[in-house]
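A.B. asks: Mind looking over this structure? Questions follow.
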Amino acid sequence: MPKTQYTKTALKEAIAGKLQRHFACEVEDATKDQVYEACALVVRDALTEHMIETQNEVERDGERQVHYLCMEFLVGRSLRNNAYNLGMLDALTAALKDMGFEMADIFEEEADPGLGNGGLGRLAACYMDGMATDGVRGTGYSIRYEHGIFKQKIVEGQQVELPDSWLSTGEVWQIPAMDETREVKIGGTVDTYFDDNGKLVVNYHDYTPVLAVPYDMPISGYGTNNIARLRLWKAQSPIALDMKLFSSGEYLKALEKHALAETISMVLYPEDNHREGQSLRLKQQYFLVSATLQDICAKHKAKYGTLENFAHKHVLHINDTHPTLVIPELMRILMDENDMSWEQAWNITSQSVAYTNHTVMPEALECWPVSLVQELMPRVMQIIYEINERFCKELWNYFPNDFQKISKLAIVADDTVRMAHLAIAGSFSINGVSALHSEILKERVFTDFYKIYSSKFCNVTNGIAHRRWLCEANPELAELIESKIGIGYRTHPSELQVLNNYADDKELLDKLGEIKRHNKQRLADYIKAHNGIEVNMDSIFDVQVKRLHEYKRQMLNILHIISLYHKLKDNPDMDFVPRTFIFGSKAAPGYAVAKKTIQLINSISKMIDNDPAVRDKLKVVFLEDYKVSLAEIIMPAAEVSEQISIAGKEASGTGNMKFMMNGALTIGTMDGANVEICEAVGKENIFIFGMETPEAEALAASGSYEPMVIYQNDPVIRRVLDQMIHGFGDGVDYTDIANLLLHGGNGGPADRYMSLKDFASYAAAQERVSEVYRDQDQWNRMALINIANSGRFAADRSIAEYAQNIWRVKTNFAF
Ligand code: NTF
């Protein structure tokens, strides 16, 4: 337990002190943003103190450490989270109240750092929380992007991207460590030759040096003083301003050199489950990897004087293939800078690296042109070639004479570097992120690798920071839970199971319904303020929030909404359980279909809202700028969680877990972690529909799927698509979308993700949702069972599995 106790009086004094010293103002004159900053500074003091203690402990005991490398950490706001974890939230709330401020208003002053795209980045953030809490010695490494994911504005129904500048209020959580600045070398030429003793000499010259300056974010754990550190690297030019150019009036040219180096940490690439092979992105990846390894190696050598015991002391965990260059870069450091032989360096490297795969989408599996790798990191490319050659020789033992297979599995082929193959070759563990996904990796995506290295493959199902997503985001629900089962679940989430005993407790179920209503009201107020739409509080809040991607099938949801609209138009007085469909989603700026889909949602929303015959029963709301802080309002308010991707494509999903934990019922396919959610709550407490993976895959592979036949035979679908072609009364033409479904396009088949095929089954499941909702006792009972069985989806459990099965480091977590 934390040693320090924070009293209201002490906090008031501390905040007033910060206001005086930092802003030269008294509490009475302070603005909200000054008060936010003062609170942050007070909390930060506690964190830095604990961070130093933790670092000293790590240094002292010399136990194996985990280094978690990820291009994205979607951390969300820090003030409330840290205050909660440090056990000072109540005292801080009271202190602020005394000073004339509402805690919630002060929280709103903090920018929401968007250093990630979606699930992958948010997962990394949840795992930092888990590592800190479970006492795993962990450091996260990423890039300190000046601009995170863009800010989304909806203008006339369309997404417009604006730059996000989060640093003004986010900087306070980062502590620069200038003395640990590293230099990353990019480009240049490498000459290698053997000296008289037959030793390889590597002469690397004419490269561009870029400084990597670390900024540390201390991530608090709950109920412990242990801190996990998130180290974010900022790129900086080491070249001083060229004063000659400057004084000769060539101001821009003088700045140019600076700017070039610094663009590396300027902006996060906004693609999710998709990769554009751009040179700046590869530079970012290498920058992260090289700075991080130099950092770890320098400290290790300072302590042990050698890197020979590196693998005993460190795990380098790569979150998806984006940081795969750790493999050749560590080889480079061990061989070129530490005189190790290839074999020794390879042993150390391949015993240090562990790889998590997060996607099976072919467009997201990274491949880089050899020419680009060569140009940006010539020595690394040489090493990749050598790894490939040795790897292919090894493959030859397994598949003698099978040239075709070997070239299919090679790391370098067709002038490209296949990052996943490199990651598999160079790591001791490969895991998927849900039971189904891990099976798909073994059976379909990496079949041949699995045959050779079966013992390297395993599964760790994703998990979420339940303290952030339940205790902090939904305090009323947490209070209710705690009144029944105590607070043990905060660190032992499986204790939520005790709630199963209350499934017939009418009083508790009513209370659950009441709390949901309060949370719905809060979201309704938000919608009113931001969208100007009045939602019906008695309607079902049915939510699909996630990145916009065709495989996630927002389209299926939309098609169904249009069909409901037709139903109501035909029969406005029908007995219909009112529904509010809520969407929140960002589309990658270059993903035209995704952007058009957002526009489509907005067109439908407007049409329905303008139609007095249906608008009290049916509503569509598109929430602008979906992000962590908005999700914290949405999750507690949702009643239906839409998890409707085509089976076999969503690696796990994590939103599904957040909804469930807040008592929403899932309508979903048997995809990703939905399968395990279904197993946890039982089929009767979830609405499952649609094809399962084998059927979906077989149908796609057969090439016999014809959505046009469905269109011709199903009048409901026909009418929906005809309306799409006809439009929604605002003059926007959606024929292109209808064509994509019926005829295909962009090089893909018609209705690639088979929304029409699953439509009937989805619509039937939605009918069941409405039927159950009529019986509020039954609904609340199902919600309770979902909450009670959500403990296994806590990040604490995932982290404990990583610690035990992959990293082999100790953890305080008891299963
Ligand atoms: C995402 N992958 C998957 O699409 C989600 O299903 C999963 O929940 C999260 O990872 C976290 O594991 C990616 O974002 C990426 F980058 F791999 F495509």
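The values are calculated or read from the model by the stated rules, or taken from the named source; none is laboratory data. It should be emphasised that the depicted structure is a prediction, and the values quoted were computed from it without experimental measurement. Cβ coordinates were reconstructed from backbone atoms using ideal geometry, including for glycine residues, and neighbour counts include every protein chain displayed.
A.B. asks: Can you tell which of THR48, THR7 is surrounded by fewer than 21 Cβ atoms within 10 Å (Cβ to Cβ), among the polar types (S, T, N, Q) and within 26 Å of PRO176 (Cβ to Cβ)?
C.D. replies: THR48
A.B. asks: Which helices (runs of 4 or more DSSP H) sit wholly inside the stretch 755-815 and have at least 2 residues that are in the same structural domain as HIS743 (by TED's automatic domain parsing)?
C.D. replies: Result: 755-774, 776-788.
A.B. asks: Identify all residues within the stretch 340-363 that are in contact (Cβ under 8 Å) with a residue 12 or more places away in the chain, out of contact with any strand residue (DSSP E or B) (no Cβ under 9 Å at 6 or more places or on another chain) and among the small types (Gly, Ala, Ser); write none if there are none.
C.D. replies: ALA345, SER350
A.B. asks: Also: Pairs needed: first member in the stretch 412-425, at negative phi; second member anywhere, of a type in the set (Phe, Trp, Tyr); C-beta distance under 6 Å; at least 6 residues apart or different chains.
C.D. replies: VAL417/TRP368; ALA423/TYR355; ILE424/PHE449; ALA425/PHE391
A.B. asks: Determine which member of the set LYS586, LYS649, LYS567, LYS617 is farther than 30 Å from GLU110 by Cβ, within 16 Å of the ligand (Cβ to nearest atom) and not β-branched (Val, Ile, Thr). Steps first, please.
C.D. replies: Details: LYS586 fails: farther than 30 Å from GLU110 by Cβ; LYS567 fails: within 16 Å of the ligand (Cβ to nearest atom); LYS617 fails: within 16 Å of the ligand (Cβ to nearest atom).
That would be LYS649, the only listed residue that is farther than 30 Å from GLU110 by Cβ, within 16 Å of the ligand (Cβ to nearest atom) and not β-branched (Val, Ile, Thr).
A.B. asks: Another question about this same structure. Give me a count of the residues in the stretch 24-33 that are more than 17 Å from VAL43 (Cβ to Cβ) and not in a loop (DSSP other than H, G, I, E, B).
C.D. replies: Adding up the residues that qualify gives 3.
A.B. asks: Being acidic (Asp, Glu), more than 13 Å from ALA423 (Cβ to Cβ) and in contact with a helix residue (DSSP H, G or I) (Cβ under 9 Å, 6 or more places away or on another chain), is that true of even one residue in the stretch 334-343?
C.D. replies: Within the stretch 334-343, one or more residues are acidic (Asp, Glu), more than 13 Å from ALA423 (Cβ to Cβ) and in contact with a helix residue (DSSP H, G or I) (Cβ under 9 Å, 6 or more places away or on another chain).
A.B. asks: Touching a Ser or Thr at 6+ places or on another chain (Cβ under 8 Å) and either in the same structural domain as ALA529 (by TED's automatic domain parsing) or charged (D, E, K, R) (or both): is that true of LEU556 in this structure? Break it down stepwise before answering.
C.D. replies: Numbers: touching a Ser or Thr at 6+ places or on another chain (Cβ under 8 Å): yes; either in the same structural domain as ALA529 (by TED's automatic domain parsing) or charged (D, E, K, R) (or both): yes.
It is true that LEU556 is touching a Ser or Thr at 6+ places or on another chain (Cβ under 8 Å) and either in the same structural domain as ALA529 (by TED's automatic domain parsing) or charged (D, E, K, R) (or both).
A.B. asks: Would you call GLY682 assigned by TED's automatic domain parsing to the domain that holds ASN656 and either within 16 Å of the ligand (Cβ to nearest atom) or crowded, with 20+ Cβ neighbours inside 10 Å (or both)?
C.D. replies: Judged against the criteria, GLY682 is not a match.
A.B. asks: Consider the stretch 104-143. How many of its residues are away from the ligand (no atom under 16 Å from the Cβ), within 16 Å of CYS70 (Cβ to Cβ) and surrounded by fewer than 24 Cβ atoms within 10 Å (Cβ to Cβ)?
C.D. replies: The qualifying residues number 1.
A.B. asks: List pairs: first in the stretch 110-133 and under 25 Å from THR54 (Cα atoms), second acidic (Asp, Glu) and in a helix (DSSP H, G or I), Cβ under 8 Å, 6+ apart or cross-chain?
C.D. replies: GLY130/ASP796; THR133/ASP796
A.B. asks: Hey, among GLN278, GLN285, which residue is over 19 Å from the mean Cα position of the chain (by Cα), modelled with pLDDT of 90 or more and within 16 Å of the ligand (Cβ to nearest atom)?
C.D. replies: Numbers: GLN285 fails: over 19 Å from the mean Cα position of the chain (by Cα).
Going through GLN278, GLN285 in turn, the sole match is GLN278.
A.B. asks: So VAL172 clears everything in (1) in a strand (DSSP E or B); (2) surrounded by 18 or more Cβ atoms within 10 Å (Cβ to Cβ) except one condition, right? Which one?
C.D. replies: (1)
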